[in-house]
Amino acid sequence: MAGETYRLDGLAVPDQLRRLHGLLATAAAEHPQVDPGALMALETAALEVANNVVEHARPLGQVRWRFEVRVEEDRVVAELSDSGEAGDTPWLPPAGRAAASGSTASGTLVVGGPADDLEETGRGLPLAAALLDDLAYRREPGRNVWTMRKALGGR
Amino acid sequence: MNEYETQVHGGVTVVRAPDRLDMVAAPKLKQLVDRTVQEGDGRVVVDLGGTSFVDSSGLGALIGGLKTARQAGGDLRIAAAGEQVTMVLRLTNLDRILKPHPGVEDAARGW
């Protein structure tokens with residue numbers, strides 16, 4: 001079943017987050033050979049990115065998204081695209097910093113995040129970046145696209 | 001025990017967090033912790049034994065609850081965190097201020 005793409009289309013609203021979880025649970029169940037820890041990390045990251053779209057995509061409540069995830073031989077790749085307006089450039093850590101820090105393996109370093117430990121917001125995208133090998137954003141005509149990659153095995 | 005159900009262990013109120021402590025559930029948990037702090041002496045244990053998933057909104061609710069409890073002269077402790085919750089706490093460095101206790105009994109002891 002390697003290479004199969006799981007896809008979800010819907011509105012970028014909080015109620016839909018559970019469907020995204022359901023899709024990832026299905027993908028995990030149909031790939032029992034894949035490291036559950038890697039899939040757990042990808043799901044956690046994907047939901048942080050989705051939260052970010054739900055909160056910031058405009059016009060609020062009317063933005064549609066598509067989520068796709070594909071299990072490949074040596075990695076899991078996910079993409080979340082939405083029909084929202086191009087907002088301010090979303091905050092994103094410099095490319096490669098999350099992977100270079102070794103945070104996915106050792107979990108000791110947080111990339112970015114709030115300066116104040118007791119801050120209640122601002123951890124979502126830094127957490128997503130720390131969980132993945134690659135997190136990237138690009139603006140295409142009419143849509144925002146986030147791509148997420150997580151290596152399987154050997155890491 | 002149902003989601004969000006609370007019970008008292010020797011003066012400490014235990015709040016049971018839901019299976020998925022996400023953007024949808026986080027505000028409810030925060031409200032419940034706030035109410036628990038108002039009604040009790042500010043000592044709260046959040047039981048994460050039934051929580052398979054937490055996101056940054058859920059972490060925000062725990063931090064918010066911790067602040068509320070401390071302002072009332074109490075504290076908030078977490079117990080029985082599973083694999084995903086432990087991973088997220090570690091990656092955000094929040095395990096330094098929300099130290100995971102193995103179980104509710106451990107968390108409620110020695111206060």
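Going through A:ALA38, A:ALA128, A:ALA98 one at a time, which residue ends up being surrounded by 20 or more Cβ atoms within 10 Å (Cβ to Cβ), within 14 Å of chain B (Cβ to nearest Cβ) and modelled with pLDDT under 90?
Checking each option against the conditions leaves just A:ALA98.
Go through the residues of segment B:43-61 one by one and say whether even a single one is touching a Gly at 6+ places or on another chain (Cβ under 7 Å), farther than 21 Å from B:ASP95 by Cα, away from every other protein chain (no Cβ under 13 Å) and without any contact (Cβ under 8 Å) to a residue 40 or more places away in the chain.
no
Of everything in segment B:71-89, what is assigned to a helix (DSSP H, G or I) and either more than 9 Å from every other protein chain (Cβ to nearest Cβ) or at pLDDT below 95 (or both)? Give them in sequence order. Steps first, please.
Within segment B:71-89, the first condition is being assigned to a helix (DSSP H, G or I), and the residues that meet it are B:71, B:83-89.
Correct list: B:GLN71, B:VAL85, B:THR86, B:LEU89.
Does any residue in segment A:10-29 that is within 10 Å of another protein chain (Cβ to nearest Cβ) and open to solvent by less than 20 Å² (accessible area, probe 1.4 Å) come within less than 9 Å, Cβ to Cβ, of a residue that is assigned to a loop (DSSP other than H, G, I, E, B) and of a type outside the set (S, T, N, Q) six or more places away or on a different chain, and which pairs are these?
Pairs that qualify, where the first residue is within 10 Å of another protein chain (Cβ to nearest Cβ) and open to solvent by less than 20 Å² (accessible area, probe 1.4 Å) and the partner is assigned to a loop (DSSP other than H, G, I, E, B) and of a type outside the set (S, T, N, Q), are A:LEU17/B:ASP22; A:LEU17/B:MET23; A:LEU17/B:VAL24; A:LEU17/B:ASP55.
Which residue, of A:VAL63, A:VAL71, is β-branched (Val, Ile, Thr) and over 17 Å from A:GLY153 (Cβ atoms)?
A:VAL63 is the lone residue from the list that is β-branched (Val, Ile, Thr) and over 17 Å from A:GLY153 (Cβ atoms).
Give the residue that is surrounded by the most Cβ atoms within 10 Å (Cβ to Cβ), with candidates limited to residues of segment B:90-111 that are among the hydrophobic types (A, V, I, L, M, F, W, C) and facing another protein chain (nearest Cβ under 8 Å).
Taking the candidates together, the pick is B:LEU91.
Does segment A:131-155 hold any residues that are surrounded by 16 or more Cβ atoms within 10 Å (Cβ to Cβ), out of contact with any Ser or Thr (no Cβ under 8 Å at 6 or more places or on another chain) and in a loop (DSSP other than H, G, I, E, B), and which are they?
Selection gives A:LEU152 alone.
Give B:GLY50, B:GLY40, B:GLY58 a once-over and let me know the one that is open to solvent by 20 Å² or more (accessible area, probe 1.4 Å) and under 13 Å from the mean Cα position of the chain (by Cα).
Checking each option against the conditions leaves just B:GLY50.
What do you reckon, is A:ARG75 among the basic types (Lys, Arg), within 16 Å of A:VAL145 (Cα to Cα) and open to solvent by 10 Å² or more (accessible area, probe 1.4 Å)?
no
Condition check: surrounded by 15 or more Cβ atoms within 10 Å (Cβ to Cβ), outside any helix (DSSP H, G or I) and hydrophobic (A, V, I, L, M, F, W, C). Does B:VAL15 satisfy that? Walk me through it before giving the result.
Values: surrounded by 15 or more Cβ atoms within 10 Å (Cβ to Cβ): yes; outside any helix (DSSP H, G or I): yes; hydrophobic (A, V, I, L, M, F, W, C): yes.
When the stated conditions are applied, B:VAL15 passes them.
The values are calculated or read from the model by the stated rules, or taken from the named source; none is laboratory data. Computed from a predicted structure; not experimentally measured. Cβ atoms come from the backbone with ideal geometry, glycine included; neighbour counts cover every protein chain shown. The accessibility values were calculated without ligands, DNA or RNA, using every heavy atom of the protein model including side chains. Shrake-Rupley method; radii C 1.70, N 1.55, O 1.52, S 1.80 Å.
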